[in-house]
Amino acid sequence: MFRDWYDRRIAPPARRIVAAASMRLRAGQAFLQDRGRVRAAVRRMVPTARIIGGALLSLVVAVVLFAALFDWNLLRGPIGRWASAKYDRQIALTGDMDVKLLSWTPTVVVRGLKVGGPDWARDRDTADVDEVRASVRLAPLLIGRVEMPLLSITRPRVVMISDRQGRKSWRLDADRPDDGRGAKLPPIERLIIRDGALTFEEQRRGLSVNATVNAQETAGGTAGSSWTAAAPCVVRP
């Protein structure tokens, strides 16, 4: 009688408790096995992560050393040849070139910039500049927008000729008649021109002007500029 009562009342719940405990035990064992596999995978990934991190660090150091030690004057010839071929006029960088990349405003300094005239005005250079200094903001540049905190031009000698056909020597595509659209320039916060000299000739009107130019302009318009005629304006009939 006790056996029957035990089989009906005690044995079934006990079997269910034992089964549930067994399931929990197996689940715990599986968890520990999975955890061990995860730990093993992590241990295997650590050397790979170290290798990748070391490679990235080496790349950063190499870029920094390149920017700090590279002789940018080696690029003067290739840049001049590329620009001369592209714009069909003689363009040369005859002085030292400095580039400072490790800054929030990278700066380029070009000395001895010479820009020749187009085919129909080869005998007179369009521009002969002692120094051009330009800086850009790095953050906008990374998203494709150019913002220039500074553009400084020292002792430029500029000759601008407009011939009887309406061609303009200062246009890089000077053989094409003017369509009335000006050059597209990025925003310039501060523009400085020191000891500039400008010669302008308008051959259709027989107009010739020589002037000296000094300017210091800011985006807010707080600075000033001066244009001084170096010789009287000459108008030829």
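The values are calculated or read from the model by the stated rules, or taken from the named source; none is laboratory data. Just so it is clear, the model here is predicted, and its values are computed rather than measured. All Cβ positions, glycine included, derive from the backbone under ideal geometry; neighbour counts span all protein chains shown. Ligands, DNA and RNA are excluded from the accessible area calculation, which covers all protein heavy atoms including side chains. Shrake-Rupley method; radii C 1.70, N 1.55, O 1.52, S 1.80 Å.
Points worth noting:
- Residues (exposed (fewer than 15 other Cβ atoms within 10 Å of the Cβ) and of a type in the set (Lys, Arg)) located in the range 73-86: 81, 86
- Of the residues in the range 127-146, none is open to solvent by 50 Å² or more (accessible area, probe 1.4 Å), among the acidic types (Asp, Glu) and at pLDDT below 90.
- Considering (1) more than 15 Å from the chain's Cα centre (by Cα); (2) on the phi > 0 side of the Ramachandran plot; (3) modelled with pLDDT under 90, the lone condition that residue 155 does not fulfil carries the number (3).
- Output for the range 87-126, where each listed residue is farther than 20 Å from residue 171 by Cα, over 16 Å from the mean Cα position of the chain (by Cα) and open to solvent by 30 Å² or more (accessible area, probe 1.4 Å): 94, 96, 111
- Taking the range 179-237 and the strands (runs of 3 or more DSSP E) fully enclosed by it, the elements with 2 or more residues that are more than 18 Å from residue 125 (Cβ to Cβ), small (Gly, Ala, Ser) and at pLDDT below 80 are at 225-229.
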